[in-house]
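S.K.: I'd like to ask you about the structure that follows.
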Amino acid sequence: MQPKLNRLLRALAREGLEVTYDGRLYSVRLQADANAPPAEVLLPPDLPVEGKAFQQLAHLAALRHPSGGEVLRVRATPDFHPGDSGVAIGSVLHTRGLVVPGAVGTDINCGMRLHVADLSVDDFLARRDAFVERMKGHYFFGTRDVAMSSRASTALLRDGIPGWLLETLDAPLGCARAADLKQLDAEVERIHLGGVLRGNPDWAPEALTREGVVRDAGLATIGGGNHFVEVQRVEAVEDRARAWAWGVREGQLAFMIHSGSRDVGKHVGVAWKDRARKAWPQGAPFPDSGILPLADETLVSQYLEAEATAANYAFLNRLLLAELLRQTLRELFGDVEAPLVYDVPHNITLPHEGGFLARKGACPAAAEQPVIIPGSMGATSFLMVGCGDARALESASHGAGRARSRFSLARAGADQSEAALGLKGVDCISLREERRVEEAPAAYKPIRPVVDSQVEAGIVREVARLSPLLTFKA
DNA sequence: ATGTGC
């Protein structure tokens, strides 16, 4: 391990990076810019590292805007890996006087949602096939009814889940019929930020606000990449008091949702990538990294409003993915209670100490707050509680982190046996075989060391572990 | 991340 590490440090030095490592925490900065704050990465020695991700972190920390504002700190979680827009997944960026749209990207308010269900695992598995057929219909073949009035859609984009609920309670339609509205109303407090950021429907695709009935084919769909919906079993409870308070008990059926704002986030993210370029001061050289911050006060607040608009949509997307599943459980098993444990975004910009914290694939981990860290397909997932660690910028990892690219897995000649891919015994429902391979357990780092390193560092504590029964991938 | 694509 040690020679390998030394080789990595030497290679990074040749590429102009100054890197130190104390066996737990890396500190990275550009040699050419001693005034930039160092970027820190929590990473145990036995986890694989990629030089490109360090490069991206160092450049993010060195980011400046000619007219002011500053990067205060950059921190990365142990699941960090290179991002294709120039910002590593797992980056947490603390700024003042500027924001960086690329530090969130297009997958705005990608996040996690966890429910537990009052149903035995045996009873569930006895009707697995019927359940799978119904859910395939909802998630893959569009048998869901997610129509909204344009009033409800507009209220959602502006005022989040509470706004949507108000309009929907008033004039139920489509997805509202599917939803148990009273229960949803009671569950709003278990959504991070109450399921609302102040948005503006003008930033959303026009089809979502057009007068009449809005039928959005993307709503209540899982999406690609690492997104999934998984049925799980609560395997072990470590913190009994907290688990009890959150309604989580050993042996329960559970379901976990990992999804985001779909096309709406892409619409906003792409538009603002363009705007950031156009707003860059005339004559100033573009940063090598290609990452462009916004410093103008009006542009900053407009961007945050646009990001919030997509974030509100993502909250509803996860809510409806859960609602379809909850409704299907009721159809098959009668009056099953399946309460929300928590819903938390891990791709979002939020106010922090007079400035902003942009998380790209990092879960908020303020003190006492539920933290959801999914394992890769087939692996254990974790329900944790945050410790509010300031050095970690109150952030935990958002998963195990990708270890191999999609392409490296799909490459001809690679060993694609079920065993080599780690797919043996994994019940994965997917429309496309490639997806199962691209997202196979072998594509990801092991979750255990990622979680343990964060517990040891005082960032999170374990509340419960969940093991997978059935995974839906689009 | 995205009705993608080394």
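S.K.: Which residue pairs have Cβ atoms under 8 Å apart, sit 6 or more places apart or on different chains, and have a first residue in segment A:240-269 that is farther than 17 Å from A:Glu462 by Cα and free of Cβ contacts under 8 Å to residues at least 60 places away in the same chain and a second that is within 16 Å of DNA strand B (Cβ to nearest atom) and polar (S, T, N, Q)?
M.R.: Close Cβ pairs (under 8 Å, with a partner that is within 16 Å of DNA strand B (Cβ to nearest atom) and polar (S, T, N, Q)) amount to A:Arg262/A:Thr221; A:Arg262/A:Asn317.
S.K.: I've got another one for you. Tell me, which helices (runs of 4 or more DSSP H) lie completely within segment A:141-209 with 1 or more residues that are touching a Gly at 6+ places or on another chain (Cβ under 8 Å)? Can you show your working first?
M.R.: On the way: elements: A:150-170, A:175-178, A:181-187.
Those helices (runs of 4 or more DSSP H) span A:150-170.
S.K.: Something else now. Here are some conditions: (1) open to solvent by 50 Å² or more (accessible area, probe 1.4 Å); (2) among the acidic types (Asp, Glu); (3) within 11 Å of DNA strand B (Cβ to nearest atom). A:Asp415 meets all but one. Which one does it not meet?
M.R.: Condition not satisfied by A:Asp415: (3).
S.K.: For A:Arg330, indicate whether it is farther than 24 Å from A:Thr95 by Cβ, basic (Lys, Arg) and open to solvent by less than 40 Å² (accessible area, probe 1.4 Å). Lay out the reasoning, then the answer.
M.R.: Working: farther than 24 Å from A:Thr95 by Cβ: yes; basic (Lys, Arg): yes; open to solvent by less than 40 Å² (accessible area, probe 1.4 Å): no.
No.
S.K.: Here's something else I'd like to know. So A:Val28 clears everything in (1) closer than 18 Å to A:Gly401 by Cβ; (2) under 24 Å from the mean Cα position of the chain (by Cα) except one condition, right? Which one?
M.R.: Condition (2) is where A:Val28 drops out.
S.K.: Please determine, by comparing only the residues of segment A:381-391 that are surrounded by fewer than 24 Cβ atoms within 10 Å (Cβ to Cβ) and at negative phi, which one is nearest to DNA strand B (Cβ to nearest atom).
M.R.: A:Gly386
S.K.: Among what's in segment A:203-239 and is acidic (Asp, Glu) and touching a residue at least 60 places away in the same chain (Cβ under 8 Å), pick the residue that is least open to solvent (accessible area, probe 1.4 Å).
M.R.: Here the answer is A:Glu230.
S.K.: Right, next: Considering only segment A:16-38, I want to know if a residue exists there that is open to solvent by 40 Å² or more (accessible area, probe 1.4 Å) and at positive phi.
M.R.: Checking segment A:16-38: not a single residue is open to solvent by 40 Å² or more (accessible area, probe 1.4 Å) and at positive phi.
S.K.: Could you grab me the full set of residues in segment A:77-89 that are open to solvent by less than 10 Å² (accessible area, probe 1.4 Å) and within 29 Å of A:Ser67 (Cβ to Cβ)? Reasoning before the result, please.
M.R.: At the first step, the residues of segment A:77-89 found to be open to solvent by less than 10 Å² (accessible area, probe 1.4 Å) are A:77-80, A:83, A:87-88.
Answer for segment A:77-89, where residues must be open to solvent by less than 10 Å² (accessible area, probe 1.4 Å) and within 29 Å of A:Ser67 (Cβ to Cβ): A:Gly83, A:Val87, A:Ala88.
S.K.: Here's another thing I want to ask about it. Being within 16 Å of DNA strand B (Cβ to nearest atom) and buried (at least 17 other Cβ atoms within 10 Å of the Cβ) narrows it down to one residue among A:Val460, A:Val437; which is it?
M.R.: Working: A:Val460 fails: within 16 Å of DNA strand B (Cβ to nearest atom).
Going through A:Val460, A:Val437 in turn, the sole match is A:Val437.
S.K.: Looking at (1) among the hydrophobic types (A, V, I, L, M, F, W, C); (2) within 15 Å of DNA strand B (Cβ to nearest atom); (3) buried (at least 21 other Cβ atoms within 10 Å of the Cβ), which is the one condition that is false for A:Leu340?
M.R.: (2)
S.K.: While we're looking at this one, here's another question. Report yes if some residue within segment A:272-279 is in contact (Cβ under 8 Å) with a residue 24 or more places away in the chain, more than 14 Å from DNA strand B (Cβ to nearest atom) and either farther than 21 Å from A:Leu321 by Cα or more than 23 Å from the chain's Cα centre (by Cα) (or both); otherwise report no.
M.R.: Yes, that holds for at least one residue.
S.K.: Quick check on this structure: which one of A:Ile348, A:Ile373 is at pLDDT 95 or above, within 16 Å of DNA strand B (Cβ to nearest atom), closer than 30 Å to A:Asp129 by Cα and surrounded by 24 or more Cβ atoms within 10 Å (Cβ to Cβ)? Full working, then the answer.
M.R.: Numbers: A:Ile348 fails: closer than 30 Å to A:Asp129 by Cα.
Checking each option against the conditions leaves just A:Ile373.
S.K.: Does A:Leu93 satisfy being farther than 26 Å from A:Ile373 by Cβ, surrounded by 21 or more Cβ atoms within 10 Å (Cβ to Cβ) and modelled with pLDDT of 95 or more? Before the answer, list the steps.
M.R.: Details: farther than 26 Å from A:Ile373 by Cβ: no; surrounded by 21 or more Cβ atoms within 10 Å (Cβ to Cβ): yes; modelled with pLDDT of 95 or more: yes.
No; evaluated as a whole, the condition is false for this residue.
S.K.: Can you find a residue in segment A:282-300 that is free of Cβ contacts under 8 Å to residues at least 60 places away in the same chain, hydroxyl-bearing (Ser, Thr, Tyr) and either within 13 Å of DNA strand B (Cβ to nearest atom) or open to solvent by 50 Å² or more (accessible area, probe 1.4 Å) (or both)? Break it down into steps so the answer makes sense when it comes.
M.R.: Taking segment A:282-300 as the starting set, the residues that turn out to be free of Cβ contacts under 8 Å to residues at least 60 places away in the same chain are A:282-283, A:285-286, A:297-299.
Cutting the leftovers down to hydroxyl-bearing (Ser, Thr, Tyr) gives us A:298.
Subsequent filtering for residues that are either within 13 Å of DNA strand B (Cβ to nearest atom) or open to solvent by 50 Å² or more (accessible area, probe 1.4 Å) (or both) retains A:298.
Checked segment A:282-300: at least one residue is free of Cβ contacts under 8 Å to residues at least 60 places away in the same chain, hydroxyl-bearing (Ser, Thr, Tyr) and either within 13 Å of DNA strand B (Cβ to nearest atom) or open to solvent by 50 Å² or more (accessible area, probe 1.4 Å) (or both).
S.K.: Within segment A:221-260, how many residues turn out to be touching a strand residue (DSSP E or B) at 6+ places or on another chain (Cβ under 9 Å), within 12 Å of DNA strand B (Cβ to nearest atom) and outside any strand (DSSP E or B)?
M.R.: 7
S.K.: Residues in segment A:63-77 that are farther than 14 Å from A:Gly361 by Cβ and touching a Ser or Thr at 6+ places or on another chain (Cβ under 8 Å): how many?
M.R.: 5
The values are calculated or read from the model by the stated rules, or taken from the named source; none is laboratory data. A quick note: this is a predicted structure, and the numbers were derived from the prediction, not measured. Methodologically, a virtual Cβ is constructed for each residue, glycine included, from the backbone with ideal geometry; neighbour enumeration extends over all protein chains shown. Side chains are part of the model used for accessible areas, which takes the heavy atoms of the whole protein and leaves out ligands, DNA and RNA. Shrake-Rupley method; radii C 1.70, N 1.55, O 1.52, S 1.80 Å.
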